[in-house]
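Single-structure report; data block below.
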Amino acid sequence: DFLPDLEGWRERFRDMGHNRFRLGPLTGEGALAAVLKGGSPLLQPGTAEEIVRRVAGFRMGKGVSRSGEGALADLQIEPALLSLMCFELNRARLAALPPASQIDAELIRNAGDRILSDFYQRSVAGLPKSVCVFIEERLLAGQGRFRQSAPEEEFLGTPGANAEQLQRLIDGRLVRREERLGTQHIELTHDVLVDVPGQRHVELD
């Protein structure tokens, strides 16, 4: 998230460029190891693999079905989406009445398919219709298939939009701010979020 800010200090910390590691897609096996290492006390046995396969189903790799079937080694998992899935499942666990002690298969079935749409709707809940339209029309290109950036001042010039709303979207990690050619731009935080506003899950007034 903060790589653009770090790049601004590169001239002062020349060794920084030699200590970078790009986080690319994980295999299903790597994703499973990450889930187990990070949250095994909160997971019922067997649910870690279900989480990985559910994430694989969101963004299908070559030869992978929509349900994430196949050998784990053949799955491609987007780290940002895996992180979001785990975070939102834990949120759902804590929101249960009474709060559940672990994430189980039923919680994954009930919440898993709604993770992205719920995240988007919660991010824009209470914002003016004009802000939602800006996200769906200015931050998406190619008929909603690709993300694109837009000048921050254009967002702030949208009727009903203000700096406080923009900061809320940034703090909630729906959008991020990046300087380009001396001008602040905003864009969706990741490609995995493109399909959600593109399908207009939010009911606009």
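The values are calculated or read from the model by the stated rules, or taken from the named source; none is laboratory data. Quick caveat, the model's predicted, so the values are computed rather than measured. Positions of Cβ are generated from backbone atoms using ideal geometry, with glycine treated the same way; all protein chains shown enter the neighbour counts. Quick note on the areas: whole protein, heavy atoms, side chains included, nothing else; ligands and nucleic acids left out. Shrake-Rupley method; radii C 1.70, N 1.55, O 1.52, S 1.80 Å.
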Problem - Calculated from backbone phi, Karplus (6.51, -1.76, 1.60) coupling profile of region 95-103 in Hz, x at Gly/Pro - result: 7, 5, 10, x, x, 7, 7, 9, 7
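Need one word for region 120-178: rounded, prolate or oblate. Basis is the Cα gyration tensor (sqrt eigenvalues a ≥ b ≥ c); a/c below 1.5 gives rounded, then a/b vs b/c decides.
Numbers: a/c = 1.37, a/b = 1.28, b/c = 1.07.
Rounded shape, in that the Cα axes give a/c under 1.5.
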Practice task
Obtain the nm distance between the two label points defined at S130 and D113 by a simple spin-label model: each point lies 7 Å from its Cα along the Cα-to-C-beta direction.
Solution key: 3.7 nm
Exercise for the section: Using a Förster distance of 22 angstrom, determine the FRET efficiency expected from the C-beta separation of A71 and Q148, and round it to 0.05. Expected result: 0.05
Handout entry: Heavy-atom accessible surface of region 21-168: percent carbon and sulfur, 1.4 Å
Key = 54 percent
Completion exercise
Once amide hydrogens are built 1.01 Å from N within the peptide plane, the residues lying 5 or more places from F146 or on another chain with amide H under 5 Å from its amide H are A141
Fill in the blank from the handout: Checked against the positive end of the charge dipole of region 73-173 (+1 on Cβ of Lys and Arg, -1 on Cβ of Asp and Glu, about the Cα centre), the farthest of S101, I135, L75 is S101
Fill in the blank from the handout: In Å², rounded to a whole number, the accessible area per residue of region 123-205 with probe 1.4 Å is 55 Å²
